Each structure stands twice: as C-alpha cells, then as structure tokens.
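The values are calculated or read from the model by the stated rules, or taken from the named source; none is laboratory data. Predicted model, so just to flag it, every value in this text is computed and none were measured. Note that we place each Cβ from the backbone using ideal geometry, even for glycine, and neighbour counts take in every protein chain shown. When the accessible area is computed, the model is the full protein with side chains, heavy atoms only, and any ligands, DNA or RNA have been set aside. Shrake-Rupley method; radii C 1.70, N 1.55, O 1.52, S 1.80 Å.
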Amino acid sequence: MKRTQIRSERMQTLINRYHELALSGARKANSTGELRCVIERGPFPKMSEVPSRAQGYRPEAEQWAEDYAFLLDTMEPQIHGEETIVGEIHWEMADIRPNDPAVTRIREEFLPKARELGELGGYCASSAHTCPDMEIVLTEGYDGILKRIREYKEMYGRLNNLRRHRYLCAMETVCLACIRYIERYAAHAEALAKAAEEDAERLQLTRIGTACRRIAHHAPETFYEAVQVLHFSILFDKAIAHGNGYGRIDQYLLPFYQQGKKDGSLSREDARDLVAELYLKLAGCFFGVGGRKEDGTDAVNELSWVALEAYDLTEIDCNLAVMWHSDIDAAFYAYACDILARYGQATPVLINWDIMYASELRSGIPKEDAWKVCYAGCQWYSIPGKEYCGHDMTSVPGITLLLRALKRGVTEKAADFETLYRFFEEEIHYAIRLIQAVESLTDQVRGDLWPEIVTSMFAHGPIERGQDLAAPRGVDYQYTSFNIAGIPNVADSFTAVKKLVYEKQLYTLEDVVQACEADWAGQEIMRQRFLNQPKYGNDLPEADEMYVKVCNSFQEIAESYVNRRGGQPFRPCLYSYMSHLSSAGVGASPDGRRCGEPYSHGINPQAGASKRGMLPMVHSAAAADMRKFQGGSIQIELQPKFFDGKEEHFAYIRDFSNAFFKSGGFHLNINIMDLAKLEDAMEHPENPEYQQLMVRVTGFSARFVSLSPDFQKDFVSRTNYASLER
Amino acid sequence: MCRELLTIDISRGSAHDGPGLRTTVFTKGCPLHCRWCQNPESIGVKNEPWWEKHSCIGCRLCLSACPQKALSADQNGIRIDRTRCEACGRCAEICPCGAMSFQGQTYDGERLLREVLRDRLYYEQFGGGVTCSGGEPLLQYGVVAEFFRALKAEGIHTALDTSGAVPLENLQAVLPWTDLVLYDLKLFDAAEHKKWTGATNERILQNLLWLAGHAAREGRPKLWIRTPLIPGATADEKNIKEIGTFLSENMKDVVERWELCTFNGLCVSKYGRLGIPWEFDGVKAMTGETVTRLWRAAVSAMPEERVFASGMTRSSSAE
C-alpha cells in the first residue's frame, strides 16, 4: 500500500524553508490556521497613507477597493531560491481597515440587536466560508475578467444604475491591483534572471518571468502556469482573511494536466511537485478531491492521486478533503486512508460527497449545479462560485435557549414535557428572529462595509449583476447558515429532565433551575442523577431520539425563516467553532454539566459521555438525517496503540469510514495522537520535537503548541480511543 | 426453552473474538471456575452487585436502601455481604452516580438481535460478525441456538466461544447455525485441570474430538483452539506441547487456528468491584521471550502458520 514519494533536493529545500518559517513564528499563527500563508513582516509600514486613513474612512465599496489595492501594491515581490511557484503576502485587510457594522449608518439599530444576541451567547462575526470558482480565472485570465467588469460597469453607468456601476468600478480597481501584483513578480523575476550567474538559475527565473507576464493578463496555457495563477488568486482572496475553500483542484486543473501529459511537457512527478509547492506556499488551504462527476460516475482521476501524492511528499498539513462516495475508486480511497493512518493528523479530512449533494438538491439547487458541490473548509460545502451562505458568521448556543425555556417552564408552570419543549421551540424562534434581524441589518451595509470583491471576481453573477456575491441575488444560491453549539448538551438535558422531573417526579422543574443557577452548589447527589441519565453518544434510542428531535426542531424552525438575500431560508449547521472557547459564560445545564465546563463541540458527545465505545458513538453521530443540515463533523481521537498488532493500519480507517458513511455519517476528522505526548507538549512547548505537532482541532488543523491553553486543554480532555471497543 | 439470554456485557467493535470486527455477547454463568478468570462476574448464574469505587461519591444512600442490610461502609468504601444480598436491585436503583450496579442483564431474543444488528455495516466492511462468549454460552444453548439461527437468517457470521465443559447435546443444538467455534483448551493434564478450573477435562476433550470429527465430515464449522497462557498454571512448555500433540494427532487438518492468549491483569478491578480477592493480583504480564518460547513449543506440534500468540507482553528489560 505505502507509496513513498521521493523528494528531490529542490523539494527538500522548499520543505525546509516551510519548517523554518513555521518555527521562526513568521507565519501568522491565528488560532484557526487559515491565515498561515501570511508571512509576517511586522506592522503595516505605510499606515498613514492607506486611502481610508489619508482621506477619512467612508464605508463604501470604492474606498474598500482603494484600500485593498493599496495593500497589494505595498507588497514587494519575493522570490526565494529553488521556487517555481512564487508569491507571498505579508498583511491582510484587517490590518488596515475596520470591519465593524457599528461604524456605519445602521449603528443605532444594529448595536441593541447585536447586544441582545450577544447576551444570548450568540455572535455575528468571522468571515464567511464559501467557495470561489477558480475555473473562471483559469479559463478567462485576468484580462477576460477585467473585460467583463468594464463591459457591465459601462452598461450600468449608461443605464444610470450608479450603485451597480460604482460596485463594478471598485471591482475594476481590485482587478487592476491583482494584475499589477503579478506584473511586479514578472519584472522582479526578469531582473533576477538578468543578474543570475548560473544558467540553471537564469532559466528558472526566466520561466517564472514568462509565466507571470502571461498570467497577469491571459489564461494560463500550461499546468505550471495554471498552478501559479491559482496560487496568486488564492493569495488575493486570503489577503482578506478568508477561510474559503478553493474547490475541486483535481477537476479544474485536469485539462492542463492532460494537455501537459499529452504533449510530453509534464510528468506525473512534475505535477506532484508543483502541487506540493502550492501546499507549501499556502500552508493549509481547503481543497477537495474525489466526489462524483455530473453523470454520477466517480470523479477520481490521475490528478486526484497527484493531489494526495503531493501531500505525501511534503507531509505538511494542508486541510485537504477526500470526498467519499459509495462508488469511489477503491485503490484511491485506500491510499487516502493510508496517508491518514501514517501521518495521523486528520489529513485528508473524510467527507461524504453523497450527503453534500443530497443536501444541496434538498435545498432546491438544480442537478446541473448541485453536482459541482465541494468541501469549503471546516465543515462546510458550497457550489463553487454560485453559493454564498455566510457560513460560520452566526452562532447561537443551544444551552442558553434551553435554560431560558426551563425558566419559563417554572414561571408558567409547564405541566408536562411537551409544554416545556414547546417553550424551547419558541426560544429557537426568538433566537432565529434575532439572527435574522442582525443579519438583515448587516446585509444592508455589507456591500459598503466589507464587500467580498475578490471572491466575487471568481463567481457567477456578481459582475453581470453589478452585485457583490454577499448582496441580494449576487449569486444564485444564498441560504443563511448559522451554527448551533452544544446540541448534545441540550438533548441530554432534556432526556434527564423528562425522566427525572416528568416521569419519576424526583425533582421539580424549579429544583432544576435553582440547581443550575447555583451551579449545583450543595446538590452533588442531584447533579449525579442528572449526569447519569442516558446520554447521546452511546447508541441508546432514548438519548439519540431526543438528540434527533432537538436537531430537527432547529432545522424545521430555521427553514421557516428567510433572509433578505433573495428570500432564501436559514440552514442550521450542527457545529460551532466558538463552542469550546465561549463556554465560560454559559450556565450549568441539566445534563450535569457545571458552569464554565466546555460543552460538546459539534456533534461529538459531551466529554466523558460516550461510554460504550467508538461504534455506538458514531451510530449516534449518524442518527440525524445529515442531508437536512449544513454539515456537522465528528472528531475522532485515536491513540497510537489502537493499531497495535494490526498490520494494515489503513484498512481500519478505510473499513471504518466506509461503514460510517454508508450508515449516513457525514464528516470524519481523525487524529492519531499520543495523549501523553500532547500533555507533555503543554508542559514543554519549547521542545523542538513538538514544534510540528499538527492536530485537527475541529474544522481546521493547527500546530498544537501554537494553540491557546484553553484549546489545548479542550483537546486533551476529549474522549480518546485505544481500540474500537470501550 | 428459555427465551431470554442472561448476559454480563455486550461489547461492540471487538477485534479479538474471531475474524474481523465483531460484537461479542458475554453470557452469564459458567460450569468452570478458572482461578485466573478474566470475567469473574460471568461465573455465577445469580446476579451480583458490583461497586465501582471511582464513580462513588460516598453519599451512602445505598446503605439504607438495602432491605437485607447487606451493605456497610468503611474507609475503603462500600462493603457488600454477599451472603445476605438477594439481588433485589434497590441499591443500584437509588445510586445517583451509577457506582452501584448489577452486571447481569437479560435480553429477549428480539432486543438482542436488534442490538447486534446495529453494527451490520461494520461487520460487512471488516468481514466480522457476532460472537457468543461468556461465561459459558452453552449453558443457555436453547436461546443461543435461536439467536444464531436468527443471525444466519440475516446473513451474519456467527462464532461460538466455548469451554466445551457442557453436555454434547448443548453443543450439537447450536452447531447448525455456527460458522466458527472458538474452543478453549486450557490444560491437558486432567488433575491440573481439576486443580485450576474445578473440573476435569474429560468431557471437554471428548466433545472436542466429536466436534473435530463432525467438522471434518461436514466441512463446517471452522474450528479455532484457544489456550490462555497463565503464569504458573497453563503457561508451561509441557502443557502446550501436550495440547499441541493432541491437536496434531486428532485434528491437525481441521484446526484452522490455534491462539495462545497471553495473561493480563487488567481484570483485577473487576474483582475489586465484586469485593473478592484474586490470587493473580500483582502477577505481571509475560515477557516477549516467554511467549516466544511457548509459541516454539506449540509449533513443534502444530503447523507454524496456524499458531498465533496474542495479547499483552512486557519487555524483559522492565523486570
């Protein structure tokens, strides 16, 4: 099974540089790891010259674009020895421009609503995960995009639709800045080539210069140029702090790969090295491979293999997802599982394409678009260039809603469980209306405050409609996704309350509310009773049915609301990245959880609740119909001794994930981690051995030692499995 | 015929009780009393209270709940007077933290089937199935036979893990729906067998001879032999050689696999929960060298490719 990839000296040099950058701390180490492609160069050097600072801040797309152009123009080209893929960024938009709705005209309305949502423990922040369509730049080139921008800009000007006209003026500014950035690289490579003393070096630099000259304006002609323009384009997007996914790399690069193979200019190893360079430069970037084609057949091709081989070559974490489906090439999937088993750092992520596709169809997306669906980072998925759902921008903790419902149950004397549960559903309505209000307000100003102009250049609709992809009808599919945190805690709380309050009548609802408010002080016996009720995560019908009921309530209620982006429904995601960080403010809950204790992340059971082993746990995780939700991943932490005495490690991952996906499971992040090592790394973060210890935190991977202590603690307290049995 | 199966545990995702990934149903009640038994709670047919120190919060609600006054508390926690306990279950019912429980659980056939079929997709992927172990499942042969028949109707692979210390008819009743028998041979010497397990091995060997003949004639079920390697009891070369010679002379071609399972002391906590002392408390895991020596003894009689040693070992340097 094992396919050892042989590193050339050149690749080894580039890999070394990657590690040096990581160790020196030069890579931006934000907690989510999505911005690791930023090579830090200290504070932004020309802050006072930033247009919005020099002229005074105006929440307008045009000024946003000027700031963005200034940001790109400030970055001097950098070409390092042995590189063939070039380009890096040193700052991001957030360094130079505020992104706060409170600075806009909606301030008066926005602040109280945002505060109300904040009091509920929710948030409306983060930058959305979506998926630009990189095929646009690969087929049209920047000149092609610019031509379309100008065409529609003039049309809207002629038709006196100034809002759309101005938006496209802003986009033109951005597009020209992108072109200038690439041209600077061309010029820099040419200058370096002139000065080069060695023939080989001169040749290499000339090749870079020629490629950059072409792709600054035109569509790429070779695989190399395609990867290079892909890299530049992703950097342009990443300079806006994006957690975007960049689509099905094994599909959109395929024509270039096939052409190169056909005319003899490209070998499989050349392609692998180029893709590996891309991974090294981007240092963690969401791509997807696998899935199906439009006719439903397996989309795996030689380039899908190359994408995995490139990872196998570099051994760096790269947030690559393999999109499983029931007819996926068995040898390819086995190789993916082998990589996962060998490196143990949750790469590739395994995600069920059939469920993503079904979910998109279920939302009303026609077949001809739905099949294009791709993993878009963390737990999300999107139709590249056609879908914008504001993933991860809004979150609400289920526990707070539960606690509010319980209080109301006391005041209004909920006589039976159904009445209590109805109160909870009304709380969901309340939370979604609040999200809707905040979203609607921010939607009004998003185009002025923080337009998604770069992503919009790589989308279908924004140019033709003169509308940002985040603005109403900017792209065709614009649901609003929002995260729900702590669903397992809510479900377990209800299971316990139903049993102990309404069935056994051991306690009153008032007792429960008081105990939670007092954080179970003096009530350890009572807490133990609530803690020891059937829990989600053990394949127990009683607990799992409650979990499904809670999930479905959120989904059904959410889908009854629409957003102001074309009136499309809300779609809940069974995940929250913030959950384990924001747990401090969430009160004790009737599942026996104490105040401040982390609550469950995503659809993983509460820490310590899964007691019957891994199989019952994953059965619970597949209990809800995942087609109804906008994702929800399960984290599995395996101890290395899980594989003791087993010859073919990959086969365990393969067989296990096959069965999980066939039973309706959606998404697996599998870490294979020595717990003792992690605990030691917390104590001795300076130990060189731990510097490259990568863990899949949840939707993203990160260097363990760079995580905050809270994240680290959360990570090691997760249920670890040393075998499939208990 | 008994319709319900008395069990102590259902373990899902087992990789040790037959091929592939399996669910192992551990039944309660055993005719042998092996002094090293890894599942002491499975021996008696009577249900027994089981107290977990680490879960107990010391509320002592159980003490007053017991109508037999069988429970008391001291500095080590709860003490159980097993002569008084009538297994009414009230202590477990009142216990808020699950520290007091009863391991015996009855499953009716339908519920049992439902539970083990949950992992069907995993059996298919891993080439596994369901194993009935114990205790001694053949003490409840009627319900095990029905259970296996239902599993075969669902196309699930079945394995029976037996000590063989039961009337031959019990075994015969289950065989038609059994794909694999995991047959325990612990000690070859009858007196030693009696000393360590409480019974001689005549019936065990006779049943095995019959089973091997049956399997040779019918071409099924498959037969695996399992020998626990217990320091001071079974783990000596003479015993292993004798078992090997017996197998080689009588069923060389029928035995598909002979597993030597090394001793581990992990079950000591179970004895603690039952409140009974265990003579193997503190006995260390075997060294790799010892296991290799015993494996050599085994392959001197049986074909090498069919002899497997499994389980925990420790490195000799740790001595």
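When you look at B:Ser64, is it more than 26 Å from B:Cys132 (Cα to Cα), open to solvent by 50 Å² or more (accessible area, probe 1.4 Å) and either over 25 Å from the mean Cα position of the chain (by Cα) or at pLDDT 95 or above (or both), yes or no? Taking the combined requirement at face value, the residue satisfies it.
Of the residues making up region B:130-144, those that are of a type in the set (A, V, I, L, M) and more than 14 Å from chain A (Cβ to nearest Cβ) are B:Leu138, B:Leu139, B:Val143, B:Val144.
Return yes when A:Leu138 is touching a residue at least 40 places away in the same chain (Cβ under 8 Å) and assigned to a helix (DSSP H, G or I) and no when it is not. Explain how you work it out, then say what you get.
Numbers: touching a residue at least 40 places away in the same chain (Cβ under 8 Å): yes; assigned to a helix (DSSP H, G or I): yes.
Answer is yes for this residue.
Scan region A:531-576 for residues that are more than 11 Å from chain B (Cβ to nearest Cβ), open to solvent by 60 Å² or more (accessible area, probe 1.4 Å) and not in a loop (DSSP other than H, G, I, E, B) and the total you get is 5. Within the bounds of region B:116-125, is there any residue that is farther than 26 Å from A:Arg612 by Cβ and of a type outside the set (Gly, Ala, Ser)? Checked against the condition, which is being farther than 26 Å from A:Arg612 by Cβ and of a type outside the set (Gly, Ala, Ser), region B:116-125 yields no hits at all. Residues of region B:1-21 that are open to solvent by less than 30 Å² (accessible area, probe 1.4 Å), at the interface with chain A (Cβ under 10 Å from one of its Cβ atoms), part of a strand (DSSP E or B) and not polar (S, T, N, Q): B:Ile10, B:Arg12, B:Gly13.
Would you check which residues across region B:110-129 are more than 13 Å from chain A (Cβ to nearest Cβ) and either of a type in the set (A, V, I, L, M) or crowded, with 17+ Cβ neighbours inside 10 Å (or both) and list them?
Taking region B:110-129 first, the residues more than 13 Å from chain A (Cβ to nearest Cβ) are B:110, B:112-113, B:129.
Matches in region B:110-129: B:Leu112, B:Leu113, B:Gly129.
If only residues of region A:614-664 that are over 30 Å from A:Gly364 (Cα atoms) and of a type in the set (Asp, Glu) are counted, the one that is farthest from the other protein chains (Cβ to nearest Cβ) is A:Glu637.
Here A:Pro688 passes the criteria (1) touching a strand residue (DSSP E or B) at 6+ places or on another chain (Cβ under 9 Å); (2) away from chain B (no Cβ under 14 Å); (3) modelled with pLDDT under 80; (4) open to solvent by 10 Å² or more (accessible area, probe 1.4 Å) except the one numbered (1).
When A:Gln478 is tested against the conditions (1) within 17 Å of A:Tyr421 (Cβ to Cβ); (2) within 27 Å of the chain's Cα centre (by Cα); (3) of a type outside the set (A, V, I, L, M), the lone failure is (1).
Once region A:191-234 is narrowed to residues that are under 22 Å from A:Gly264 (Cα atoms) and assigned to a loop (DSSP other than H, G, I, E, B), the residue that is least open to solvent (accessible area, probe 1.4 Å) is A:Pro220.
Within region A:518-530, being more than 7 Å from every other protein chain (Cβ to nearest Cβ) and not charged (D, E, K, R) holds for A:Ala518, A:Trp520, A:Ala521, A:Gly522, A:Gln523, A:Met526, A:Phe530. Looking only at residues in region A:281-295 that are open to solvent by 10 Å² or more (accessible area, probe 1.4 Å) and touching a residue at least 12 places away in the same chain (Cβ under 8 Å), the one that is farthest from A:Val86 (Cα to Cα) is A:Glu294.
Restricting attention to region B:81-109 and to residues that are out of contact with any Ser or Thr (no Cβ under 9 Å at 6 or more places or on another chain) and open to solvent by 50 Å² or more (accessible area, probe 1.4 Å), the residue that is nearest to the other protein chains (Cβ to nearest Cβ) turns out to be B:Glu93.
When the residues of region B:245-278 are filtered to those that are among the basic types (Lys, Arg) and at pLDDT 90 or above, which remaining residue is farthest from B:Cys56 (Cα to Cα)? Per the stated criteria, the residue is B:Lys252. Of all residues in region A:589-602, those satisfying the criterion of being surrounded by 23 or more Cβ atoms within 10 Å (Cβ to Cβ) and either modelled with pLDDT of 90 or more or over 22 Å from A:Gln379 (Cα atoms) (or both) are A:Ser589, A:Pro590, A:Asp591, A:Gly592, A:Arg593. Given the condition more than 29 Å from A:Asp710 (Cα to Cα) and either over 24 Å from the mean Cα position of the chain (by Cα) or without any contact (Cβ under 8 Å) to a residue 24 or more places away in the chain (or both), answer yes or no: does some residue in region A:567-578 qualify? There is at least one residue in region A:567-578 that is more than 29 Å from A:Asp710 (Cα to Cα) and either over 24 Å from the mean Cα position of the chain (by Cα) or without any contact (Cβ under 8 Å) to a residue 24 or more places away in the chain (or both). Mind checking which residues of region A:279-311 are among the small types (Gly, Ala, Ser) and not in a helix (DSSP H, G or I)? Answer for region A:279-311, where residues must be among the small types (Gly, Ala, Ser) and not in a helix (DSSP H, G or I): A:Ala283, A:Gly284, A:Gly288, A:Gly290, A:Gly291, A:Gly296, A:Ala299.
For every residue, the table says whether it meets (1) in contact (Cβ under 8 Å) with a residue 40 or more places away in the chain; (2) in contact with a Ser or Thr (Cβ under 8 Å, 6 or more places away or on another chain).
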residue: A:Asp67; (1), (2): no, yes
residue: A:His90; (1), (2): yes, no
residue: A:Asp95; (1), (2): yes, no
residue: A:Thr104; (1), (2): yes, no
residue: A:Arg107; (1), (2): no, no
residue: A:Phe110; (1), (2): yes, yes
residue: A:Lys113; (1), (2): yes, no
